[in-house]
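Participant: Below is a structure I'd like to ask you about.
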Amino acid sequence: MSGVPNRAEAALAGRTAGSADRRPHTAVLEPGRDAVLEPGRARPAGRPWIDDPYARALRAGRGPLFLRRLTTPDRPDDAVGEGDLLPLDVERWCAAPDAADARVLDRCTGPVLDVGCGPGRLVAALAARGVRALGVDVSPAAVARTRRGGGAALRRSVFDRLPGEGRWGTVLLMDGNVGIGGDPVALLARLRAVAAPGSRLLAEAAPHDVDEHLTVRVEDAHGRHGRPFPWARLGAAALCRAAGAAGWTVAGRWTARDRTFLELGRPLPGQRTAPPTAGGRRERP
């Protein structure tokens with residue numbers, strides 16, 4: 001990538017195959033510089049993953065950790081503390097990439113942006129393959145663990161200005177991160193602006209046919225929790241609809257180890273887009 005805009009991108013550019021430089025990178029934060037969204041679309045609010053239960057779980061490399069469902073549009077009057085617990089797979093996130101992850105990594109064409117990278121297993125694996133990759137996450141604990149594992153990471157919201165905007169070859173949205181901000185169409189529209197023309201977005205859908213926009217909080221097994229924030233959960237059909245609304249095309253869909261993935265494409269200028277479908281190009285497990 002050319003035209004390096006700041007030191008974070010310079011650190012990424014210097015991390016090439018065979019590099020022996022594993023020193024921590026210094027991120028340059030620009031919290032006041034918001035990215036431009038589509039007219040009429042508000043910036044999703046909240047920086048949820050800086051809360052202590054999540055940081056403690058990442059430092060330990062294990063859970064149990066949950067998202068507690070507080071409210072949904074169908075249940076707007078739920079009191080805080082009520083609702084369902086949605087387990088978070090901290091142990092898998094902190095482990096080496098599994099076979100399902102490997103199929104995602106095989107589709108990555110650099111440079112790669114991992115949105116909500118968490119502890120950085122995918123960023124580190126790409127770096128080990130010699131693929132230039134950067135993780136972004138709002139959690140200091142996530143960024144620190146990613147860097148310790150050999151990946152490059154930047155502490156920043158995806159809705160803030162990012163290095164290399166418009167030049168990323170692949171964008172990753174794994175582990176439920178289609179829920180970031182609670183508005184998947186706004187998130188996917190933002191990522192379309194970040195990605196290069198002709199690039200791909202590899203996204204993980206919920207395993208069930210669900211389309212939820214809700215308020216949640218991070219909570220551990222002892223009831224310790226962070227503040228509420230907006231979130232979303234989308235199955236494959238709902239994710240296809242959101243992708244089409246944000247200007248992406250559906251290029252493929254596959255399932256591995258009970259996880260469902262979609263490959264989305266950003267059309268080249270002048271390229272006609274086909275209506276999104278829940279099926280896309282299916283592949284065998």
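Participant: Every residue in region 147-185 that is farther than 16 Å from C108 by Cβ and among the β-branched types (V, I, T), please.
Facilitator: If the condition is that a residue be farther than 16 Å from C108 by Cβ and among the β-branched types (V, I, T), then V158, V178, I180, V185 are the ones that fit.
Participant: In addition: Of (1) in contact with a His (Cβ under 8 Å, 6 or more places away or on another chain); (2) modelled with pLDDT of 95 or more; (3) not β-branched (V, I, T), R217 satisfies all except one. Which?
Facilitator: For R217, the exception is condition (2).
Participant: Can you find a residue in region 186-193 that is touching a helix residue (DSSP H, G or I) at 6+ places or on another chain (Cβ under 7 Å), modelled with pLDDT of 95 or more and surrounded by fewer than 23 Cβ atoms within 10 Å (Cβ to Cβ)?
Facilitator: Kept after step one, since they are touching a helix residue (DSSP H, G or I) at 6+ places or on another chain (Cβ under 7 Å), are these residues of region 186-193: 187-188.
Next cut, modelled with pLDDT of 95 or more only: 187-188.
Within this subset, residues satisfying the condition of being surrounded by fewer than 23 Cβ atoms within 10 Å (Cβ to Cβ) are none.
No - not one qualifying residue is present in region 186-193.
Participant: Can you pull out the residues in region 130-158 that are farther than 20 Å from E204 by Cβ and out of contact with any Lys or Arg (no Cβ under 8 Å at 6 or more places or on another chain)?
Facilitator: Of everything in region 130-158, those that are farther than 20 Å from E204 by Cβ and out of contact with any Lys or Arg (no Cβ under 8 Å at 6 or more places or on another chain) turn out to be G130, A144, R147, R148, L154, R155, R156.
Participant: Considering region 226-245 alone, what residues qualify as being surrounded by 21 or more Cβ atoms within 10 Å (Cβ to Cβ) and part of a strand (DSSP E or B)?
Facilitator: Those that are surrounded by 21 or more Cβ atoms within 10 Å (Cβ to Cβ) and part of a strand (DSSP E or B): F229, W231, A232, R233, L234.
Participant: Turning to a different aspect of this structure: Kindly indicate the residue of region 94-121 that is within 20 Å of Y54 (Cβ to Cβ) and in a helix (DSSP H, G or I) and also nearest to the chain's Cα centre (by Cα) among those meeting that condition. Even if it seems obvious, please write down each step before you answer.
Facilitator: First, the residues of region 94-121 that are within 20 Å of Y54 (Cβ to Cβ): 94-95, 114-121.
Next cut, in a helix (DSSP H, G or I) only: 94, 121.
Details: C94: 15, R121: 13 Å.
Selected residue: R121.
Participant: Exactly one of (1) within 11 Å of M174 (Cβ to Cβ); (2) touching a Leu at 6+ places or on another chain (Cβ under 9 Å) is unmet by S139. Its number?
Facilitator: (1)
The values are calculated or read from the model by the stated rules, or taken from the named source; none is laboratory data. None of the values given here were measured: they were computed from a predicted structure. Please note: Cβ atoms are built from the backbone with ideal geometry, for glycine as well, and neighbour counts cover all protein chains shown.
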